[in-house]
Amino acid sequence: MSAPDQAVPAYAPGELAALAARHGLTVSGARPSLPAYIRQLWGRRHFIAAFATAKLTAQYSQAKLGQVWQIMTPLLNATVYYFIFGVLLNTKNGVEDFVPFLVTGVFIWTFTSSSITAGTRAISGNIGLVRALHFPRASLPVALALQQLQQLLFSLGALTLILLAFGQYPRPSWLLAIPALALQAVFNTGVSMAVARLTAKTPDIAQLTPFVLRTWMYSSGVMWSLDHLLKGERVPHAVMVALEYNPAALYINLMRYALIDSYSAAQLPPHVWAAAAGWALLCGVAGFVYFWKAEETYGRG
């Protein structure tokens, strides 16, 4: 006869937790502390960069023109906006260098809108990866935001050619585009992470996002000058401040100031750099923490 099975000792819940901690055991899928999570995310930096590059390469792999669409899409949008708003609605009246003004606005706005749209698919679009592998889930929205930054940098070559064609030649102020884009990238990433958490829990939000972005675009001065449009109009002061300091308008106008000769500092709101940095810090930190707090829920259910 075989020896009888040994009885398994019973532990109180507190004793069981202490025993697990003594042997280095943790709850499966538990959310790590914020410092540990940041270290894990930094440890996946090579994966994030490779994932972003792979997504960018595959984005237009089925199209015959391939990566050319990275430049053609914002250019076609700018062309349509030029004829509708610049010609038919005559928003170019009183705006110097309207084509550089418009194209810069479209390219920079596309960076923000594409980053947020990509964030809506960060979890749901990679659910198989989320369920199969253990890694910090913030890697996905960060990688997709990085993909949009890579696409923008690729497209800036076309923007430079357009600026040169319309008499906007390189000058020291062009260097201001670097910190402006860096702040915008941090802002975009934070918002993308917040949207990624929201859509992971409520997928219907992804259907509303295009309408929100379209409204935001119209209120950000992409196709017209907010300063010129609001001047002399009976618009409440609070509305004017809200439009001028809305983050998309700030980043667009900073890039216009950096790249276009006729766009002067007088057309920028006061303390514009502080406001742009504040939005980047607020949304970057808040979006990251908000996403981290739901780390253990992604891919469940």
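Looking at the structure I just gave you, is Trp292 in contact with a Phe, Trp or Tyr (Cβ under 6 Å, 6 or more places away or on another chain) and surrounded by 14 or more Cβ atoms within 10 Å (Cβ to Cβ)?
Against the criterion (in contact with a Phe, Trp or Tyr (Cβ under 6 Å, 6 or more places away or on another chain) and surrounded by 14 or more Cβ atoms within 10 Å (Cβ to Cβ)), Trp292 qualifies.
Conditions: (1) within 19 Å of the chain's Cα centre (by Cα); (2) open to solvent by less than 70 Å² (accessible area, probe 1.4 Å). Trp279 meets all but one. Number of the miss?
The number of the failed condition is (2).
Kindly provide the set of residues from the stretch 126-155 that are over 24 Å from Val285 (Cβ atoms) and surrounded by fewer than 17 Cβ atoms within 10 Å (Cβ to Cβ), ordered by number.
Result: Ile127, Gly128, Leu129, Arg131, Ala132, Leu133, His134, Leu153, Phe154.
Can you tell me which residues in the stretch 1-49 are at pLDDT 90 or above, open to solvent by 60 Å² or more (accessible area, probe 1.4 Å) and not in a loop (DSSP other than H, G, I, E, B)?
Those that are at pLDDT 90 or above, open to solvent by 60 Å² or more (accessible area, probe 1.4 Å) and not in a loop (DSSP other than H, G, I, E, B): Pro35, Ile38, Arg39, Gln40, Trp42, Arg45, His46, Phe47.
For Gly167, are the conditions met, namely being among the small types (Gly, Ala, Ser), surrounded by 14 or more Cβ atoms within 10 Å (Cβ to Cβ) and not in a helix (DSSP H, G or I)?
It is false that Gly167 is among the small types (Gly, Ala, Ser), surrounded by 14 or more Cβ atoms within 10 Å (Cβ to Cβ) and not in a helix (DSSP H, G or I).
Quick one: in the stretch 183-222, which of the residues that are hydroxyl-bearing (Ser, Thr, Tyr) and in a loop (DSSP other than H, G, I, E, B) is nearest to Val106 (Cα to Cα)?
Ser220
Assess whether Val80 counts as being open to solvent by 10 Å² or more (accessible area, probe 1.4 Å), free of Cβ contacts under 8 Å to residues at least 12 places away in the same chain and part of a helix (DSSP H, G or I).
The answer is yes for Val80.
Restricting the search to the stretch 223-271, which residues are surrounded by fewer than 20 Cβ atoms within 10 Å (Cβ to Cβ), part of a helix (DSSP H, G or I) and β-branched (Val, Ile, Thr)?
Selection gives Val239, Val241.
Output the residues belonging to the stretch 170-181 that are of a type outside the set (Phe, Trp, Tyr) and surrounded by 13 or more Cβ atoms within 10 Å (Cβ to Cβ).
Ser173, Leu176, Ala177, Pro179, Ala180, Leu181
The values are calculated or read from the model by the stated rules, or taken from the named source; none is laboratory data. Just so you know, these numbers come straight off a predicted model, no measurement behind them. Every residue, glycine among them, receives a Cβ derived from its backbone with ideal geometry; neighbour counts consider all protein chains shown. Just so you know, the surface numbers come from the protein's heavy atoms only, side chains and all, with ligands and any DNA or RNA stripped out. Shrake-Rupley method; radii C 1.70, N 1.55, O 1.52, S 1.80 Å.
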